[in-house]
Amino acid sequence: VQLQASGGGLVQAGGSLRLSCVDSSRTFSRYAMGWFRQAPGKEREFVAAISRGGGTLRYADSVKGRFTISRDNTKNTVYLQMNSLKPEDTAVYYCAADERGVGVLTTGLPDYWGQGTQVTVSS
């Protein structure tokens, strides 16, 4: 698994961003995928996860109703659509993968990590 995240940037509060994470290997569909974030001075935290086929979704309470995770297995890509962004969403966002499923991703201990992409929300 080789994960490359993109799509971060600077946005005003209330705005939207869509993050993408591409897996350059040919095994993407074998993995549950997730997004995590780490704000300055804080520990990395779980944001969202999606099962191999996309039928099971998990979200952190702090993003429910605002963020949507999805995947396109034909493009080896997982997305995080972020709406109604708040300054407290400011963080470096990481994608992650694990064959064991969304349960492992929600614990924050997946096997594979991509590099981060910075999201900054101004008030």
Practice item. Determine the share of the chain's accessible area contributed by carbon and sulfur atoms, expressed in whole percent, with a 1.4 angstrom probe. Key: 45
Point to revise | Antiparallel bridge percentage (DSSP; both residues within the chain; nearest 5) | key: 90
Practice item. With a 1.4 Å probe and every protein chain left in place, work out the accessible area per residue of segment 8-123 in Å², rounded to a whole number. Key: 49
Study note, to complete from the structure: The orientation-averaged projected area of the Cα convex hull of the chain, in nm², is 6.6
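The values are calculated or read from the model by the stated rules, or taken from the named source; none is laboratory data. Being a predicted model, the structure only gives us computed values, none of them experimental. These accessible areas exclude ligands, DNA and RNA; they are computed on the full protein's heavy atoms, side chains included. Shrake-Rupley method; radii C 1.70, N 1.55, O 1.52, S 1.80 Å.
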